[in-house]
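Notes follow once the structure below has been shown.
The values are calculated or read from the model by the stated rules, or taken from the named source; none is laboratory data. Remember, it's a predicted structure, so these values are computed and weren't measured experimentally. Here Cβ is always computed from backbone atoms with ideal geometry, including for glycine, and neighbour counts include all displayed protein chains. In case anyone asks, the SASA skips ligands and DNA or RNA and just uses the protein heavy atoms, side chains included. Shrake-Rupley method; radii C 1.70, N 1.55, O 1.52, S 1.80 Å.
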Number of protein chains: 2
Amino acid sequence: MPNVKRLHRYFPILDWGRTYNRHDAANDMTAAVIVTVMLIPQSLAYAMLAGLPPEVGLYASILPLIAYAVFGTSRALAVGPVAVISLMTASTIGAAQLPEGVNALMAAVTLAVMSGLMLLAMGIFRLGFLASFLSHPVISGFITASGILIALGQVRHILGLQIPSGNAVQTAIAIVRSVADSNLSTVLIGIGSLIFLFWVRMSMGSLLVRLGMARVWASFLTKAGPVLVVIVTTWLVWQFDLAAVGVRIVGDVPVGFPGLSIPSFDPELVVQFLVPALLISVIGFVESVSVAQTLAAKRRQRIVPDQELIALGASNIAAGFSGGYPVTGGFARSVVNFDAGAQTPAAGLITAIAIGAATFFLTPLLYFLPHATLAATIIVAVLSLVDIAAIRRVWVYSKRDFSAMMATIAVTLLFGVEPGVISGVLLSIILHLHHTSRPHIAVVGLVPGTEHFRNIHRHQVLTGTRVLTVRPDESLYFANSRYLEDRIYDLVAKNPGLAHVILMCPAINEIDASGLESLEDINLRLRDAGVKFHLSEVKGPVMDRLARTAFLSHLSGQVFLSQYAAIAALDPMIINPDQDGDGIATVEAG
Amino acid sequence: MPNVKRLHRYFPILDWGRTYNRHDAANDMTAAVIVTVMLIPQSLAYAMLAGLPPEVGLYASILPLIAYAVFGTSRALAVGPVAVISLMTASTIGAAQLPEGVNALMAAVTLAVMSGLMLLAMGIFRLGFLASFLSHPVISGFITASGILIALGQVRHILGLQIPSGNAVQTAIAIVRSVADSNLSTVLIGIGSLIFLFWVRMSMGSLLVRLGMARVWASFLTKAGPVLVVIVTTWLVWQFDLAAVGVRIVGDVPVGFPGLSIPSFDPELVVQFLVPALLISVIGFVESVSVAQTLAAKRRQRIVPDQELIALGASNIAAGFSGGYPVTGGFARSVVNFDAGAQTPAAGLITAIAIGAATFFLTPLLYFLPHATLAATIIVAVLSLVDIAAIRRVWVYSKRDFSAMMATIAVTLLFGVEPGVISGVLLSIILHLHHTSRPHIAVVGLVPGTEHFRNIHRHQVLTGTRVLTVRPDESLYFANSRYLEDRIYDLVAKNPGLAHVILMCPAINEIDASGLESLEDINLRLRDAGVKFHLSEVKGPVMDRLARTAFLSHLSGQVFLSQYAAIAALDPMIINPDQDGDGIATVEAG
């Protein structure tokens, strides 16, 4: 029944749905309640971060969750608005020239649908490998820089200041300049919320446990911290009429479900959104898959990256048509979902229903919710994204990766998220190609008394003046084959007594057409110079392909299975150095 | 005396100049005469191909040769106008929006100076590796397509037709449509020249040798074929006043040296020429270095690619300021120079003087030279660039390289030289990254009775259900590290009995920060799943870098020097399968 199997591949719900039972349902219900409590303030806050009305965050947490439950392969992933994607949405819409009749919300809806269609296409055409071009240091640098940008951008809400958006430096300067104009009531609410939220995150859980509370309840109350802050500060604003003294509040929020929203496919808008939508898709996918894989591994489950693309695509299309904005799998809330015991995506379904209910019953209560509270929620959430230790780790491990990372951070902070990611990706590709274009090429000699060959610069090895053995530690391809040629011609010009050059190939996993052409050239040019060219230790698949060409018949020398056999045939004196007296490192290898 | 050594590095003339003797001088003189005879008609023809007055070709063959003689490291390279660079010049100037007061010649001069400055900068900052990104198939495809484009473009001169420039298809259609309007006298001259030149190239040399002529004279006369055609057809046009019946002729050519020409640095022009000048530089450099290396190897000499950049840069700047256009080392003429016995770049100096003399004494004689003759010279020269066999060779060897090659050919023929090269380069980089992003990853088992491990799909090998060994045949870097993760998680999910995963690393030459991060993730996720993660056969430099990180201390398993030691420690039953009975390929490796 190949059709049924295919259906199961595209609708994983058919797999877990068949065996769903009361035990699963109880677990999923518990997880859903906890995630809902966490998700409501986050949704409101991230929508504000995206520059959209707060209810949009709720809308983005209903249908997308249902779509993911139907199509997703992860059992514990919780999709919805996340900080970095919200920032990217804000910066895309802020930078765009919106056509007549298109407001920010319609632009966000368009962005979600475009991103959804791109994810869907990537899933169907199996283009998930595109995500591979975002290296870890680039992503890590980008997320750190985004976290800083987001936190800086929220400081104005904490202080009650009106500051235009700008890059990190501009924002920091503007804050310092106008800090004296801060609104006292707003500052008290904002700083108070911040201190409380940090305390909840850092110490409350362990305190409650020490006071004798069960660990699971302590953990639940920790997650409920933001809800508590929302309730308390909203009550304060209402009770003391703080809006009248300048505390900015959420105000009217429509009650009930959103209507069907229609994205704008104005070509002018679509063209402007092509690159941002692609970046939002790829970055959302990378983050989501990485969370999903971490959680799946803990229960020895599998996720299918190509199907995840389809699921995220469906979620974003659903977000777009229900008045939401781009969503993806969130790290913190997925971990909470998992820890709370979610067994299946049904937990997401239940969360969606709960948030749907909230749009009816909760929204009137949000009128007095201060922006400062939402800003504090955002700052506490995103500061955990800033990973300074990762910068140090990459510095220690690889200067090349470090430079790509720092470029990403600097460009993101100074020029924004889109140029940041693009320059990081381009720089890492260019640095990678540059690096592999000058591979390590060792001149090797025989370790006395063994059959092993080692770099003559690192070991006391035996070599002769008639035979030179060169070992490139990289596959041969267009970017490095000419470098190999140059190295070999140099070595031959410096060692006039040479009669044989052996290319030792144990590290060559592949030779492309340019590499082959270079080997042909080396062979011809060495032959013209009266030097024979040999190969040794060629890997099976590489040899298979060489055998399809005329190269082996042109080769002036031989192909040896082992380097030892090559030396035994071409320069046996090296193996019995007693007869010669001194064969140590007589080859000039500069 | 480091300064003197440095001076010698930048002025190779100081090396060969010191030991220059009468023997060298005699050889260089002979070579210079032969090259001059070959270069004069070619210079005129290539200038016409570049869309410039014919004398510009002569000007480009005087000062640039002197500059190369001073700075070049090849003893036999002959620089001057070449076909492909002439085509690129024509297409660049044709596509450009020339600012007020800038004519085609001034634009050509600007292009030469810009290209010279870029080559100089690449030489000083050692950016020669940029040329590595032009893969052999892309260059070969580009040159083949250029040859076809050039030959097609010259057919109008052979037939005496006025056809606007266009892509290959447009030109072919236009020729077919208007072939009936051909000018009979022009056709007779053009076709006659073509037939004679092909006969000279194919058969005359061997015929003369058979008739008893010394081989060296026969070879010289073969080179002189184009000069003979130029003389005969010019005489015919003059004698029979063919210009009056519509044969297009060169007309007035100024006598004597060009004055100092001043390039235009109008920003509008410079911006338009940035990419074309870079492409002309890089392609000219690649061609030139490849010829120089071929010739140097025959005498066991060396060329220094970075110094070649400086020499070509100086040549182009000299070309620009003396009324010429972009030049590079030509294949055919360098081989002729070498075969005729040129010992040093002094041969180029003498050629330059001879061509300088020609601008005084020869140019008046060129008045009646027909365009059709020059077109025939070009067609015969460029058809040797068209290498159809190379296309077949690449098809057989590598479908990936073949697609980059065909894209280059198709885009060059349809959209022109600049888009052709750029799309070829981009496609080969993308295909390379895509390919290495899905490396070959083998599941391996023990070859019975040996200590060798081989792919379980290719060999009858021993494996167990508790230990899985995975061998990636590629270095780990950002583009492929997630693929490795996916493969390992898949394999672990499919083999529930696993207790150990060994990553066998003999083919891993490098692990970048993304690869390291993936190994950390694999280790953590396998640990969560109760599976230990081990490494075996890690190369020394890779191990050195891993030792700088915390990875080895996090590793749930061990690092084994050999894969055999790993299996001996983790699953000794495999080594003594008798106790177990059947250990063959029980691992699921889908």
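All but one of (1) open to solvent by 10 Å² or more (accessible area, probe 1.4 Å); (2) under 19 Å from B:Q293 (Cα atoms); (3) at the interface with chain B (Cβ under 9 Å from one of its Cβ atoms) hold for A:S518, so report the exception by its number.
For A:S518, the failing item is (1).
Tell me, which helices (runs of 4 or more DSSP H) lie completely within region B:125-203 with 3 or more residues that are within 30 Å of A:A479 (Cα to Cα)? Steps first, answer last, please.
On the way: elements: B:136-159, B:168-178, B:184-199.
In region B:125-203, the matching helices (runs of 4 or more DSSP H) lie at B:136-159.
If I ask for residues that are more than 16 Å from A:S165 (Cα to Cα), out of contact with any Ser or Thr (no Cβ under 6 Å at 6 or more places or on another chain) and open to solvent by 10 Å² or more (accessible area, probe 1.4 Å), which ones from region A:100-111 would you list?
Within region A:100-111, A:E100, A:G101, A:N103, A:L105 qualify.
For region A:286-303, enumerate the residues that are within 21 Å of A:P81 (Cβ to Cβ), within 11 Å of another protein chain (Cβ to nearest Cβ) and touching a Ser or Thr at 6+ places or on another chain (Cβ under 8 Å).
Here is the first cut: in region A:286-303, the residues within 21 Å of A:P81 (Cβ to Cβ) are A:286-292, A:294-295.
Cutting the leftovers down to within 11 Å of another protein chain (Cβ to nearest Cβ) gives us A:286, A:289-290, A:292, A:294-295.
Within region A:286-303, A:A292, A:L295 qualify.
Tell me the residue from A:T373, A:T377 that is open to solvent by less than 10 Å² (accessible area, probe 1.4 Å) and not assigned by TED's automatic domain parsing to the domain that holds A:L503, please.
On the way: A:T377 fails: open to solvent by less than 10 Å² (accessible area, probe 1.4 Å).
Of A:T373, A:T377, the one residue that is open to solvent by less than 10 Å² (accessible area, probe 1.4 Å) and not assigned by TED's automatic domain parsing to the domain that holds A:L503 is A:T373.
Tally time: how many residues in region B:294-337 are open to solvent by less than 20 Å² (accessible area, probe 1.4 Å) and either acidic (D, E) or within 20 Å of A:E520 (Cβ to Cβ) (or both)?
6
Being within 11 Å of chain A (Cβ to nearest Cβ) and surrounded by 15 or more Cβ atoms within 10 Å (Cβ to Cβ) is the filter here, so list the residues in region B:440-470 that pass it.
B:A442, B:R454, B:N455, B:H459, listed by residue number.
Checking B:T549 against (1) within 25 Å of A:D306 (Cα to Cα); (2) surrounded by fewer than 22 Cβ atoms within 10 Å (Cβ to Cβ); (3) among the polar types (S, T, N, Q), which single condition isn't satisfied?
(1)
Name every residue in region B:36-80 that is closer than 23 Å to B:Q293 by Cβ and of a type in the set (F, W, Y), in order of residue number.
Within region B:36-80, B:Y68, B:F71 qualify.
When you go through (1) away from chain A (no Cβ under 14 Å); (2) at pLDDT 90 or above one by one for B:D512, which number turns out not to apply?
(1)
Pick from A:S475, A:S481, A:S428, A:S437: which is within 11 Å of chain B (Cβ to nearest Cβ), touching a Gly at 6+ places or on another chain (Cβ under 7 Å) and buried (at least 19 other Cβ atoms within 10 Å of the Cβ)?
Among A:S475, A:S481, A:S428, A:S437, only A:S481 is within 11 Å of chain B (Cβ to nearest Cβ), touching a Gly at 6+ places or on another chain (Cβ under 7 Å) and buried (at least 19 other Cβ atoms within 10 Å of the Cβ).
In region A:488-515, what residues are under 23 Å from B:S140 (Cα atoms) and in contact (Cβ under 8 Å) with a residue 40 or more places away in the chain?
A:G515
Please find, among B:I124, B:I195, B:I148, the residue that is among the β-branched types (V, I, T), more than 30 Å from B:Y59 (Cβ to Cβ) and open to solvent by 30 Å² or more (accessible area, probe 1.4 Å).
When all the criteria are applied, what remains is B:I195.
Can you name the residue in region A:105-143 that is away from every other protein chain (no Cβ under 14 Å) and of a type in the set (S, T, Y) and is also nearest to A:Y10 (Cα to Cα) among such residues?
A:S115
It is to be established whether one or more residues within region B:359-381 are without any contact (Cβ under 8 Å) to a residue 24 or more places away in the chain and closer than 24 Å to B:L65 by Cα.
So far as region B:359-381 goes, yes, one or more of its residues are without any contact (Cβ under 8 Å) to a residue 24 or more places away in the chain and closer than 24 Å to B:L65 by Cα.
Taking region A:32-74 on its own, how many of its residues are under 23 Å from the mean Cα position of the chain (by Cα) and outside any helix (DSSP H, G or I)?
6
For B:G256, indicate whether it is in the same structural domain as B:P64 (by TED's automatic domain parsing), of a type outside the set (A, V, I, L, M, F, W, C) and assigned to a loop (DSSP other than H, G, I, E, B).
Numbers: in the same structural domain as B:P64 (by TED's automatic domain parsing): yes; of a type outside the set (A, V, I, L, M, F, W, C): yes; assigned to a loop (DSSP other than H, G, I, E, B): yes.
It is true that B:G256 is in the same structural domain as B:P64 (by TED's automatic domain parsing), of a type outside the set (A, V, I, L, M, F, W, C) and assigned to a loop (DSSP other than H, G, I, E, B).
Please count how many residues of region A:207-225 are modelled with pLDDT under 85 and either of a type outside the set (A, V, I, L, M) or assigned to a helix (DSSP H, G or I) (or both).
10
For residues in region A:497-509 being facing chain B (nearest Cβ under 8 Å) and open to solvent by less than 40 Å² (accessible area, probe 1.4 Å), which is nearest to A:L476 (Cα to Cα)? Break it down stepwise before answering.
The initial filter retains those residues of region A:497-509 that are facing chain B (nearest Cβ under 8 Å), namely A:506-507, A:509.
Now restrict to residues that are open to solvent by less than 40 Å² (accessible area, probe 1.4 Å): A:507, A:509.
Details: A:A507: 10, A:N509: 8 Å.
Looking at residues that are facing chain B (nearest Cβ under 8 Å) and open to solvent by less than 40 Å² (accessible area, probe 1.4 Å), I get A:N509.
Any idea which of B:S288, B:S322 is at pLDDT 85 or above, among the polar types (S, T, N, Q) and within 25 Å of the chain's Cα centre (by Cα)?
Only one candidate passes the filter, namely B:S288.
So, in region B:528-543, of the ones that are over 47 Å from the mean Cα position of the chain (by Cα) and facing chain A (nearest Cβ under 9 Å), which residue ends up least open to solvent (accessible area, probe 1.4 Å)? Walk me through it before giving the result.
Keep residues of region B:528-543 that are over 47 Å from the mean Cα position of the chain (by Cα), which gives B:528-532.
Filter once more, so that each one left must be facing chain A (nearest Cβ under 9 Å): B:528-531.
On the way: B:D528: 59, B:A529: 17, B:G530: 56, B:V531: 2 Å².
If we take residues in region B:528-543 being over 47 Å from the mean Cα position of the chain (by Cα) and facing chain A (nearest Cβ under 9 Å), then B:V531 is least open to solvent (accessible area, probe 1.4 Å).
Residues that are among the hydroxyl-bearing types (S, T, Y): find the helices (runs of 4 or more DSSP H) completely inside region B:274-372 holding 2 or more of those.
So the answer is B:346-361.
Could you check B:L77 against (1) modelled with pLDDT under 90; (2) not basic (K, R); (3) not in a helix (DSSP H, G or I) and say which number it fails?
Going through the list (1) modelled with pLDDT under 90; (2) not basic (K, R); (3) not in a helix (DSSP H, G or I), B:L77 breaks only (1).
Going by what's in this entry, would A:G420 be described as within 13 Å of another protein chain (Cβ to nearest Cβ), in contact with a helix residue (DSSP H, G or I) (Cβ under 7 Å, 6 or more places away or on another chain) and crowded, with 22+ Cβ neighbours inside 10 Å?
Against the criterion (within 13 Å of another protein chain (Cβ to nearest Cβ), in contact with a helix residue (DSSP H, G or I) (Cβ under 7 Å, 6 or more places away or on another chain) and crowded, with 22+ Cβ neighbours inside 10 Å), A:G420 does not qualify.
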